[in-house]
Amino acid sequence: MGVADEDLFTLSLRELDKDYKDKKPFFAQIMTVSNHRPYTYPEGRIDIPSHTGREGAVKYTDYAIGKFIREAKQKPWFANTLFVIVADHCASSAGKVELPVDKYHIPMIFYSPGHIVPGKFEKLTAQIDIGPTILGYLNFSYNSKFFGQDVFKMKDSEERAFISTYQSLGYIKNNKLVILDPNKKATTYKPDFTTGSAVAIPADQKLINEAISNYQMASYLYQNGLYGFDSKKKP
């Protein structure tokens, strides 16, 4: 639970105006919270009463984002700003299936009407690709330890996605889903991206090894302070 989304956006606009006034390029990450329990938001904004469920909360968040974009359009910095709207996961991401792939099918919108022509991008991507894709789109030259990739430049053979719960780690590639569970359990599935169901299939050892190597390397770098910072040192 947190402040209402539109209040958060109002504060964000104020802070962005300050950076623009100081002639500073700015990056802001704004996390909406009204669409989480207890689903409360200001009355009179939408046609669903506050505190009645997720449907109203999601509709209110949609309203708040629209209001934010309309107000941002009045700002002098709007024309040269890239807005990225993305979710983390859908509701009930821990469903009847261990990792229901349809609950991780989330939207991501790149919005900059003066620079981006409307269109659809339908390749398999993951949240870890957001950072390098933004930097690539902005034509930045950079060195990084990103595990993600610029999706606008990736080959078809490089499409993959990572999904997880608090215990299970998933890796999707070539229309197969590998799930890594505690006690070194690895299972390969054929997922249905429409219903979220999945059928166990013979183990794909190459894909399993690829999944393990990605997660193991990320864990190793983090635990040993090798990811650009020392995780063992307090800030």
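The values are calculated or read from the model by the stated rules, or taken from the named source; none is laboratory data. Remember, predicted model here, so these are calculated numbers, not experimental data. Positions of Cβ are generated from backbone atoms using ideal geometry, with glycine treated the same way; all protein chains shown enter the neighbour counts. These area figures cover heavy atoms from the full protein model, side chains too; ligands, DNA and RNA do not enter into them. Shrake-Rupley method; radii C 1.70, N 1.55, O 1.52, S 1.80 Å.
Look through region 198-235, keep the residues that are over 22 Å from the mean Cα position of the chain (by Cα), modelled with pLDDT under 95 and among the polar types (S, T, N, Q), and return whichever of them is least open to solvent (accessible area, probe 1.4 Å).
The qualifying residue least open to solvent (accessible area, probe 1.4 Å) is Ser231.
Can you pull out the residues in region 105-136 that are within 13 Å of Ile85 (Cβ to Cβ) and either assigned to a strand (DSSP E or B) or in contact (Cβ under 8 Å) with a residue 60 or more places away in the chain (or both)?
Those that are within 13 Å of Ile85 (Cβ to Cβ) and either assigned to a strand (DSSP E or B) or in contact (Cβ under 8 Å) with a residue 60 or more places away in the chain (or both): Met108, Ile109, Phe110, Tyr111.
Output the residues belonging to region 148-175 that are aromatic (Phe, Trp, Tyr) and open to solvent by less than 70 Å² (accessible area, probe 1.4 Å).
Selection gives Phe162, Tyr171.
Would you check which residues across region 126-144 are within 18 Å of the chain's Cα centre (by Cα) and not acidic (Asp, Glu) and list them?
Within region 126-144, Ala126, Gln127, Ile128, Ile130, Gly131, Pro132, Thr133, Ile134, Leu135, Gly136, Tyr137 meet the criteria.
Count, please, the residues in region 178-200 that happen to be within 17 Å of Asp102 (Cα to Cα) and in a loop (DSSP other than H, G, I, E, B).
Final tally of qualifying residues: 6.
Okay, residues lined up against (1) without any contact (Cβ under 8 Å) to a residue 24 or more places away in the chain; (2) farther than 30 Å from Gly114 by Cα:
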| site | (1), (2) |
| --- | --- |
| Leu138 | no, no |
| Ser144 | yes, no |
| Ile163 | no, yes |
| Ala186 | no, yes |
| Lys190 | yes, yes |
| Phe193 | no, yes |
| Ser197 | no, yes |
| Gln205 | yes, yes |
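Among the listed residues Ser50, Ser34, which satisfies the condition of being among the small types (Gly, Ala, Ser), assigned to a loop (DSSP other than H, G, I, E, B) and more than 23 Å from the chain's Cα centre (by Cα)?
Ser50
Filter region 77-111 for residues that are loosely packed, with under 14 Cβ neighbours inside 10 Å and among the charged types (D, E, K, R); which is modelled with the highest pLDDT?
Asp88
Looking at Tyr171 and the list (1) of a type in the set (Phe, Trp, Tyr); (2) modelled with pLDDT under 95; (3) closer than 17 Å to Pro202 by Cβ, which single condition is not satisfied?
(2)
Of all residues being touching a Ser or Thr at 6+ places or on another chain (Cβ under 7 Å) and open to solvent by 50 Å² or more (accessible area, probe 1.4 Å) in region 41-55, which is farthest from Gly66 (Cα to Cα)? Just the residue, please.
Out of the qualifying residues, it is His51.
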